[in-house]
1. What are the residues in the range 152-196 that are small (G, A, S) and under 24 Å from Y288 (Cβ atoms), if any?
2. Does I112 meet the test of being under 30 Å from G276 (Cα atoms) and crowded, with 17+ Cβ neighbours inside 10 Å?
3. Assess whether Y288 counts as being surrounded by fewer than 20 Cβ atoms within 10 Å (Cβ to Cβ), among the aromatic types (F, W, Y), under 16 Å from A113 (Cα atoms) and touching a helix residue (DSSP H, G or I) at 6+ places or on another chain (Cβ under 9 Å).
4. What is the number of the single condition among (1) within 27 Å of the chain's Cα centre (by Cα); (2) without any contact (Cβ under 8 Å) to a residue 60 or more places away in the chain; (3) buried (at least 17 other Cβ atoms within 10 Å of the Cβ) that I211 does not meet?
5. Need pairs with beta-carbon distance below 7 Å; first residue within 23 Å of Y53 (Cβ to Cβ) and within the range 20-42, second assigned to a helix (DSSP H, G or I) and at pLDDT below 95; sequence gap 6+ or separate chains.
6. In the range 145-163, what count of residues is obtained for those that are among the charged types (D, E, K, R) and either in a loop (DSSP other than H, G, I, E, B) or not assigned by TED's automatic domain parsing to the domain that holds V233 (or both)?
7. Of the conditions (1) under 19 Å from E245 (Cα atoms); (2) touching a Ser or Thr at 6+ places or on another chain (Cβ under 6 Å); (3) not hydroxyl-bearing (S, T, Y), D282 satisfies every one except a single condition; which number is it?
8. Check the range 221-234 and report whether any residue there is of a type in the set (A, V, I, L, M) and at pLDDT 95 or above.
Amino acid sequence: METVEKVHCLIIGSGPAGYTAAIYAARANMKPVLYQGIQPGGQLTITTEVENYPGYADGIQGPEMMVHFEKQAVRMGADIRFGLATRVDFSQRPYRVWIDEEKELQADAIIIATGASAKWLGLESEQRLNGSGVSACAVCDGTFFKGREVAIVGAGDTACEEAIYLSKLCSTVHMIVRKGEDGMKASKVMQDRVKATPNIKVYWNSETLEILGQFKTEAVRIRNNKTGEEQTVPVSGFFVAIGHEPNSAIFKPFIEMDEAGYIKTIPGTSKTNVEGVFAAGDVQDKIYRQAVTAAGSGCMAALDAERYLSALAHH
């Protein structure tokens with residue numbers, strides 16, 4: 001029988017939110033234990049150059065930046081471990097969390113920083129060229145395609161926003177929409193803006209068959225599902241904007257979420273509906289989704305947890 005480990009402050013997830021929470025929690029002597037999850041470093045490990053994080057004047061590679069975050073957390077005294085939280089029980093204190101389905105932890109306070117994952121089309125060529133012209137974040141990677149032709153897939157407000165953002169940088173934006181004009185998910189305002197932008201070319205009723213290029217993105221093969229007609233459009237960037245999925249499924253029985261699965265926090269705080277359980281980063285933020293905002297919310301979660309734990313100690 002595995003012995004149960006007792007933890008004062010448990011952090012689940014290892015992106016900017018989780019590591020920042022660990023830095024603050026360790027400095028406050030909360031002896032945090034952080035489990036890195038399935039993708040240590042989170043979404044930043046699949047981006048290449050990060051140019052918009054303050055303090056890195058020359059930019060930095062995403063994976064390298066997450067190594068810095070981790071080292072800083074370790075230096076402050078955080079206990080960083082490899083493992084995936086697979087089940088939780090928040091019905092009573094201390095809260096219970098199982099790692100890799102076997103090890104049980106009991107924690108006084110928990111910070112959920114499990115992030116979100118970009119949804120992909122599921123093409124072999126998309127995975128192969130990911131980071132070589134294929135990206136799920138126009139705001140992160142758009143500047144690398146200044147003056148060039150790019151494609152973007154998606155039909156929601158985010159896809160429209162990103163298409164407009166790209167139109168200011170790129171010569172032409174080829175927007176691939178699966179349904180017809182009447183089936184577009186984006187708000188009327190965003191659709192009108194896209195249509196009013198001269199260098200955005202919309203392909204209705206169209207789907208992406210393949211991204212072409214051996215070592216970098218060179219073109220995209222598109223099929224019109226009404227006519228069956230196929231065409232190859234030369235592009236050097238290919239952006240997927242079909243949404244994100246928050247990694248929140250294991251918390252569903254206990255934690256309040258919106259219809260998309262994003263954890264609801266009390267505005268202006270990191271507090272969830274369960275006292276002593278806090279959420280930070282992209283798992284609770286579908287609006288900004290930036291490394292710097294995630295880090296900021298990780299700081300908030302650690303400070304909120306510290307106040308909670310010190311109030312608990314004085315009872």
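1. G154, A155, G156, A159, A163, S167, A186, S187
2. In short, yes.
3. Yes.
4. (2)
5. Q39/T45; G41/P63
6. 2
7. That leaves (2) as the condition not met.
8. yes
The values are calculated or read from the model by the stated rules, or taken from the named source; none is laboratory data. What you see is a predicted model, and the numbers here were worked out from it, not measured in a lab. Methodologically, a virtual Cβ is constructed for each residue, glycine included, from the backbone with ideal geometry; neighbour enumeration extends over all protein chains shown.
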